[in-house]
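We did not get these values from a lab; they are worked out from the coordinates using the rules stated. Bear in mind that the values here come from a model prediction, so they are computed numbers and not experimental data. No Cβ is skipped: glycine too gets one built from the backbone with ideal geometry, and neighbour counts run over all protein chains shown.
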Amino acid sequence: MSAAIRIQQVSKCFGSTQALDRVDLEVAAGEFFGLLGPNGAGKTTLISALAGLVRADSGSLCVMGHDVQADYRAARRHLGVVPQELVFDPFFTVRESLKIQSGYFGIRDNDAWIDEILENLGLTSKANANMRMLSGGMKRRVLVAQALVHRPPVIVLDEPTAGVDVELRQTLWAFIRRLNEAGHTIVLTTHYLDEAESLCGRIAMLQAGRVVALDTTARLLLRFSSHTLRLRSRGEMPADLASGAAQSGGWWSFPFDDFTEVEPLLAKIRAAGCRIDDLEIGKPDLEEVFIRVMQGQAETPAN
Amino acid sequence: MGHGFSTLFYKEVLRFWKVASQTVAAPVLTSLLYLLIFSHVLEGHVRIHGIAYTAFLIPGLVMMSVLQNAFANSSSSLIQSKVTGNIVFVLLPPISYFEFFLAYVLASVVRGIVVGAGVLLATFWFAPLGFAEPAWILAFALMGGAILGSLGVIAGIWADKFDQLAAFQNFLIMPLTFLSGVFYSIKSLPPFWQELSRWNPVFYMIDGFRHGFFGVSDASPWLSLAVVGGCLVLLTVFTLNLLKRGYKLRA
Ligand SMILES: Nc1ncnc2c1ncn2[C@@H]1O[C@H](COP(=O)(O)OP(=O)(O)OP(=O)(O)O)[C@@H](O)[C@H]1O
Ligand SMILES: [Mg+2]
C-alpha cells in the first residue's frame, strides 16, 4: 500500500490560533477519504498546507512521495485542489479558464480532456460563457473542472457541495466516483455527513487542529453509533426500561446492537401495559458518531 | 522557462488587452491632453537644450506613460487576484517564484511599451523628433518598464486593499514620475531641487530615454544607464526574495 498523501507531525499557528496541532495522516493511493470537523477545525488549513498555499510551521507533507516544499513541482503536478471559496477570474470564459489552467501545469493541447470534463460536469453548454455570467453552482462546477485539467492522481475537494443543488451533487459525486474507480485518490471535506458516510471508505475527524478520530467509516459507525428503536407510547414506561432510553418530544429511543434484542424489549413494554402508537427503527449514522467524537468520547489515536 | 511561465505571461497580457479601452486608449488620451495643454501654453516661450518645448515634452510623456502603465499592470492584476481570491489559480500550479516574477514583470513591460508606443503615435505629429540614438530609447523603455513592473509586483503583494495600493501610487509613484523632469529640464530648477532630482531614479529613466531622441540630456546616458541598471538589479533581487519567502501570498 503506497501512500498518496503522507502528513507527519504537521503544526501551524496563525498568531495565537493553533490551526493544526501535530497532525499525522496517511491516505493510501486509491482511497476515498473524508476529512470532517466543525467550523474552524483546521480542514482548510491542512489542505492549504498540502497544496503549498500555507507553510506548515513544522512537520512534513508529501503528495505521491513528493515533499510539498522541497519537491513542490512534482507534488503540485500530482495534486488537484477544489478550493472552498467560490473564486473565479472574471476576465475569461469557462473554456479560456480551463485552457489557461492547463497551461499553468505545462499542458498544451488539452481540448479533448477539457471537453470530457465539461461534459461530465454538465458544463458543455456554458463553455463559451463568461465566468461572470454563471450562477454560483455553475461557478462551483468550473472550480472542480479547473482542479482536474492536469489529471491529478490525488484530488482534494474542500466542501464542493456547499450551497449547490441536488442535481449538481449527484452529477458531481457520480463523476468523482468514476474517477476514484479509475484509480484517483479522493479526499473530501463536507459538513453533509450523509454524503461522507455513503462516499468515504475512511474518515478522519479534526477538532481544534487535532485528529480526534481516524478509522474506516464502517468501524466508526460500529464503535460510536448503534441501531435505535424509537417509539411513542401511552402509559407508564417501566423504570428499568426508561433508564436505558432517551426521551424527547414524546418519543422514547432505545439503542440496541443486535436485532434479537428488539422482540424482548417490545414484550416488556407490552407486559407493562404500555400501548405503542408509533414505532420506527433508526440505523447507525455518522452524525451520531460525529457528535460523540466531538464530545470527547473518542480516545486520542496513538501516535 | 516552461509552458507554465509562458501561459501566465500570455494570461497577463490577455487580461489588459481584453479591456484595452481602459488600459491602453485611456492613458494615451490623457497624455495627448497633457501635450495639447502644455505645448499650447509654453511652445514658443521655452527652449530646452536648444529643442522646441513640444518636441522636448513628447519623449517625457511617452516615458511617463511607459512607467505608470507598467506599474499599473502588475499591481492591479495582483491586488484584484488577491481580493477576489483567484490568485490560488496561479499559486496551485508548479510555477516557480522566478517564473511568476518574470511573467508579471514582462507583461507589465509589454503594457508599458504598448501604451508608450500609442502615445508616441498620437503625438509625434506635433513636433519633429530626432530618434538620434534609438538604442537608448529601447534600453531605457525596457528597463524603466521592468523597474516599475517590479514595483507593481511589490505593491500588489503588499497591499491588502485597493486604497493601500492607491496610497502607494499617489505618494510614491506619482511624485517620483512628476518630479523627474518630464515637463522640464532639471537644469531650470533652483539648486536645491536640482540636487534632489538627482536622487530620483526616475529622473535618469526619463533623461536617458530623452537622450535617445535628441542626443543631448541633463546627465550622461551612461550614468543614467548605471543608475537605472543598478535599480533594476536591486529591485529584482528584493522582489524575488519576497516571492521566495511567499510574503503575503503563501501564509
Ligand atoms: N490566514 C489565516 N489567518 C489567520 N487565521 C486563520 C487563517 N486561516 C485560518 N485561520 C484560523 O485557523 C483555524 C482553522 O481554520 P480552517 O479554515 O482551517 O478551518 P476549517 O476546518 O476549514 O473550517 P470550515 O469548516 O469553517 O471551513 C480557524 O480558527 C481560523 O480562524
Ligand atoms: Mg474550511
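What does the extension gain come out to for B:S21 and B:L33, with contour length at 0.36 nm per residue minus their alpha carbon separation?
2.7 nm
Which residue fluctuates most in the GNM of chain B (Cα springs below 10 Å): B:R198, B:R210, B:R111?
B:R198
With a cut-off of 8 Å between alpha carbons and a minimum separation of six or more residues, what is the relative contact order of segment A:1-44 in percent?
For segment A:1-44, the relative contact order is 38 percent.
So which aspartates and glutamates can B:K161 reach, going by Cα to Cα under 19 Å and dropping same-chain residues fewer than 8 places off?
Candidates past the 8-residue exclusion: A:E85, A:D89.
Under 12 Å between alpha carbons, and skipping anything fewer than 8 positions from A:K99 in its own chain: which aspartates and glutamates qualify?
A:D109, A:D111, A:D115
Of B:M64, B:M205, B:M143, which has the largest mean-square fluctuation in a 10 Å C-alpha GNM of chain B?
In this elastic network of chain B, the residue with the biggest mean-square fluctuation among B:M64, B:M205, B:M143 is B:M143.
For peptide B:87-99, how many partner chain Cβ atoms fall within 10 Å of a residue's Cβ, on average?
6
At a threshold of 8 angstrom on Cα-Cα distance, excluding pairs fewer than six apart, so keeping six or more, what relative contact order does segment A:40-118 reach in percent?
About 17 percent, as a whole number.
Which residues' amide hydrogens lie under 5 Å from the amide hydrogen of A:H150, considering only partners 5 or more residues apart or on another chain, with H built in the peptide plane?
Under 5 Å from the amide H of A:H150: no residue qualifies.
Below 8 Å, C-alpha to C-alpha, sequence gap of six or more: please give me the relative contact order for segment A:179-244 in percent.
17 percent
Identify all lysines with a Cα-Cα distance to B:K187 below 24 Å; exclude those on the same chain that are fewer than 8 residues away in sequence.
Partners within reach: none.
How many Cβ atoms of partner chains, on average, are near each residue of A:81-88 if near means within 10 Å of its Cβ?
3
Per-residue ellipticity at 222 nm for chain B, helices alone: DSSP H runs ≥ 4 residues times -39500 (n - 2.57), over residue total, nearest 500 deg cm²/dmol?
The helix-only estimate for chain B comes to -23500 deg cm²/dmol at 222 nm.
Using a Förster distance of 30 angstrom, determine the FRET efficiency expected from the C-beta separation of B:L138 and B:F192, and round it to 0.05.
0.35
log10 I(q)/I(0), Debye, Cα-only segment B:36-125, no solvent, q = 0.16, 0.19, 0.20 Å⁻¹?
With one equal scatterer per Cα and no solvent, log10 I(q)/I(0) is -0.73, -0.87, -0.92.
Cross-link list B:K18/B:K244; A:K43/B:K248; A:K126/B:K18: which exceed 27 angstrom alpha carbon to alpha carbon?
Over 27 Å apart, Cα to Cα: B:K18/B:K244.
Taking amide H atoms as placed 1.01 Å from N in the peptide plane, list the residues 5 or more away in sequence, or in a different chain, whose amide H sits under 5 Å from that of A:A19.
The list, which skips near neighbours in sequence, is A:K12, A:C13, A:F14.
Quick one: what are the phi-derived ³J(HN,Hα) couplings along segment B:223-232, Karplus 6.51/-1.76/1.60 with θ = phi - 60°, whole Hz, x for glycine and proline?
5, 4, 4, 5, 5, 5, x, x, 4, 4
Farthest toward the dipole's positive end in chain B, which of B:G4, B:F192, B:T123, given Cβ charges of +1 (Lys, Arg) and -1 (Asp, Glu) about the Cα centre?
Checked the options; the winner is B:G4.
In nm, to one decimal, how far is the modelled label at A:L214 from the one at A:R132, with both set 7 Å along Cα→Cβ?
Result: 4.6 nm between the two label points.
Is there a simple number for the mean count of other chain Cβ atoms within 10 Å of the Cβ of residues in A:46-52, and what is it?
2
Output the peptides A:64-77, B:183-196 sorted from most to least packed, where packing is the average of other Cβ atoms within 10 Å over each peptide's residues.
A:64-77, B:183-196
Using a cut-off of under 14 Å, list every residue of segment A:101-128 whose amide N is near the label point 7 Å from the Cα of A:A182 along the Cα-to-beta-carbon line.
Taking a point 7 Å out along Cα→Cβ of A:A182, the residues of segment A:101-128 whose backbone N falls under 14 Å are A:111-122.
What number comes out for the charge environment of B:N73, summing +1 per Lys or Arg and -1 per Asp or Glu over other residues with Cβ under 14 Å away?
Local net charge: +3.
What is the set of long-range amide H partners of A:V187 at a cut-off below 5 Å, with H atoms built 1.01 Å from backbone N?
Those qualifying (amide H under 5 Å, at least 5 residues apart or on another chain) are A:F33, A:I155, A:V156, A:L157.
Once the cut-off is 17 Å, how many percent of the Cα-Cα pairs in segment A:1-66 end up in the long-distance tail?
37 percent
Pick out which of A:F290, A:F32, A:F92 has the largest mean-square fluctuation in a Gaussian network model of chain A, springs linking Cα atoms closer than 10 Å.
Judging by the Gaussian network model, the answer is A:F92.
Count charges around A:N120 for me, please; just the other residues with Cβ under 10 Å from its Cβ, Lys/Arg as +1, Asp/Glu as -1.
-1
Quick one: which of A:237-244, B:156-163 comes out on top by average Cβ neighbours within 10 Å, and what's the full order, highest first?
Most protected by this proxy first, the peptides run B:156-163, A:237-244.
If you plug each phi of segment A:131-137 into the Karplus form 6.51 cos²θ - 1.76 cosθ + 1.60 with θ = phi - 60°, what whole-Hz ³J(HN,Hα) values come out, in order, with x for Gly and Pro?
Computed from phi, the couplings for segment A:131-137 are 4, 5, 7, 7, 6, x, x Hz.
Count the net charge of all other residues whose Cβ sits under 9 Å from the Cβ of A:Q84, scoring Lys and Arg as +1 and Asp and Glu as -1.
-2
Using the Karplus curve 6.51 cos²θ - 1.76 cosθ + 1.60 with θ = phi - 60°, work out ³J(HN,Hα) for each residue of segment B:143-157 in order, rounded to whole Hz, and write x for Gly and Pro.
5, x, x, 5, 5, 6, x, 5, 4, x, 4, 4, 5, x, 6
Dipole magnitude of chain A about its Cα centre, charges +1 at Lys/Arg Cβ and -1 at Asp/Glu Cβ only, in debye to the nearest 20?
With Lys and Arg at +1 and Asp and Glu at -1, about 660 debye.
Quick check on the protein assembly as shown: of the DSSP beta bridges with both residues there, what percent are antiparallel, nearest 5%?
70 percent
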